[in-house]
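Taken together, the values in this text are just the output of simple stated rules run on the coordinates, not laboratory data. Note that this is a predicted model, so its numbers are computed, not measured. Quick reminder, even Gly has a Cβ in these numbers, built from the backbone with ideal geometry, and neighbours come from all protein chains shown.
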Amino acid sequence: MTFSRIVLGSSSVYRCELLARLKIPFETANPAIDESALPDEVPSATALRLAAEKAHAVAGQFSDALIISADQVAILAGHRLGKPLNHANATSQLRQVRGKEVVFHTALCLLNSRSKRIQSCVVPSVVRFRQVSDSQIERYLAREQPYHCAGSAKSEGLGIALIERITGDDPNALIGLPLIALVEMLGNEGVDVL
């Protein structure tokens, strides 16, 4: 089975860079959805629902494509950590997470817009943060400015220096796109990346 297009339903440069590692041709489309959590929704369910909504939002533009989408929700002791969007929020987040564990729930969806078949999963990553000082946080933020990363730490960049340990099934999941699961999903749709 062949598809005229593979589409990444994301405006994230990090997800785009990850998908490019698979060396398959793809294009991107911005899903532009409301990413708010629903009341009493558990984090993994939020991530899964939003990933599916992103895929469906993009599928309307592509009738014969495989749509890849993802979403991530970070949790510290039951509290959601969103994208900080500014320096003050990032400082606050990094002070909260130092010396603690944060669970990143990364959901992945692959939607066949022709058959309407959707495959999905959630890949958790547990990140233990180092006990860093306020001055180290400030130096990190001045150099990296990770204001669009949940939890304020870009593990693919200098943020790795804030991290003591990562536990999970796929290191790419923490960055935002679980490639191990994606390769299997693509294979289920007849796309062999090798």
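Angle, helix 43-59 long axis vs. longest principal axis of the chain, Cα atoms, 0 to 90°, nearest 10?
For helix 43-59, the angle is close to 40 degrees.
Using packing as a proxy for protection, rank 125-131, 51-57 so that the peptide with the highest average count of other Cβ atoms within 10 Å comes first.
Numbers: 125-131: 16.7, 51-57: 21.7.
Packing order, densest peptide first, comes out as 51-57, 125-131.
As I understand it, the value is the acute angle between the Cα axis of helix 134-144 and the longest principal axis of the Cα atoms of the chain; what does it come to in degrees, rounded to 10?
It is inclined by approximately 30 degrees.
Can you give the net charge of the other residues whose Cβ lies under 14 Å from the Cβ of Ala20, counting K and R as +1 and D and E as -1?
Values: positive: Arg15, Arg21, Lys23; negative: Glu17, Glu27, Glu156.
Summing Lys/Arg as +1 and Asp/Glu as -1 gives 0.
Between Arg165 and Ile33, how high is the FRET efficiency from 1/(1 + (r/R0)^6) when r is the Cβ-Cβ distance and R₀ = 41 Å? Nearest 0.05. Walk me through the numbers on the way to the answer.
Details: r = 33 Å, r/R0 = 0.80.
Efficiency computed from Cβ-Cβ geometry: 0.80.
What does DSSP give for the chain in terms of the percent of beta bridges that are antiparallel, rounded to the nearest 5?
Once the DSSP bridges in the chain are tallied, antiparallel ones form about 80 percent.
Just how large is the dipole of the chain about the Cα centre, in debye to the nearest 20, putting +1 at every Lys and Arg Cβ and -1 at every Asp and Glu Cβ? Can you show the working numbers first?
Details: 20 positive and 20 negative charges, 66 e Å.
That gives a dipole near 320 debye.
Putting +1 on Lys and Arg Cβ atoms and -1 on Asp and Glu Cβ atoms, find which of Thr28, Pro39, Leu81 reaches farthest to the positive end of the dipole of the chain.
It is Leu81.
At R0 = 30 Å, how high is the FRET efficiency between Asn188 and Glu101 if r is their beta carbon distance? Nearest 0.05 is fine. List each step's numbers first, then the result.
Details: r = 33 Å, r/R0 = 1.09.
Computed FRET efficiency for Asn188 and Glu101: 0.35.
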